[in-house]
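Enquirer: A single structure is presented below for examination.
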Amino acid sequence: MGIIGTIFIGLIVGLIARFLKPGDDSMGWILTILLGIGGSLVATYGGQALGIYRAGEGAGFIGAVVGAIILLVVVGLIRRK
């Protein structure tokens with residue numbers, strides 16, 4: 001999957017992560033989607049570089065959702081301080 005496909009999946013992942021992450025987020029939808037794209041990029045290319053999964057596997061999508069949730073939590077903690 002190319003970079004455009006990864007970004008598109010990141011848009012979807014950002015929305016899913018927003019719904020799955022518990023708590024009230026004061027950040028807007030655009031920031032959530034950007035964090036989803038970031039989580040998707042990091043999880044996709046990081047997971048492939050570490051040999052956890054190959055391109056096109058379902059584990060990449062799950063990894064992207066987990067990466068986006070982690071980014072949402074980290075940004076939420078930073079913005080509170």
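Enquirer: How many of the residues in region 2-59 are more than 25 Å from Arg80 (Cα to Cα) and among the acidic types (Asp, Glu)?
Expert: So the answer is 1.
Enquirer: Given Gly23, Gly51, Gly47, which one is of a type outside the set (A, V, I, L, M, F, W, C), loosely packed, with under 14 Cβ neighbours inside 10 Å and modelled with pLDDT of 80 or more?
Expert: Gly51
Enquirer: Among the residues of region 59-81 satisfying the criterion of being modelled with pLDDT of 80 or more and surrounded by fewer than 11 Cβ atoms within 10 Å (Cβ to Cβ), which is farthest from Pro22 (Cα to Cα)?
Expert: Ile78
Enquirer: Looking only at region 19-70, count every residue that is in contact (Cβ under 8 Å) with a residue 40 or more places away in the chain and on the phi > 0 side of the Ramachandran plot and tell me the total.
Expert: Matching residues across region 19-70 total 2.
Enquirer: Of the residues Gly28, Gly56, Gly36, only one is crowded, with 17+ Cβ neighbours inside 10 Å and not hydroxyl-bearing (Ser, Thr, Tyr); which?
Expert: After applying the criteria, what remains is Gly36.
The values are calculated or read from the model by the stated rules, or taken from the named source; none is laboratory data. Just so it is clear, the structure is predicted and the values come from calculations on it, not from any experiment. Cβ sites come from the backbone with ideal geometry, for glycine too, and all protein chains shown count toward neighbours.
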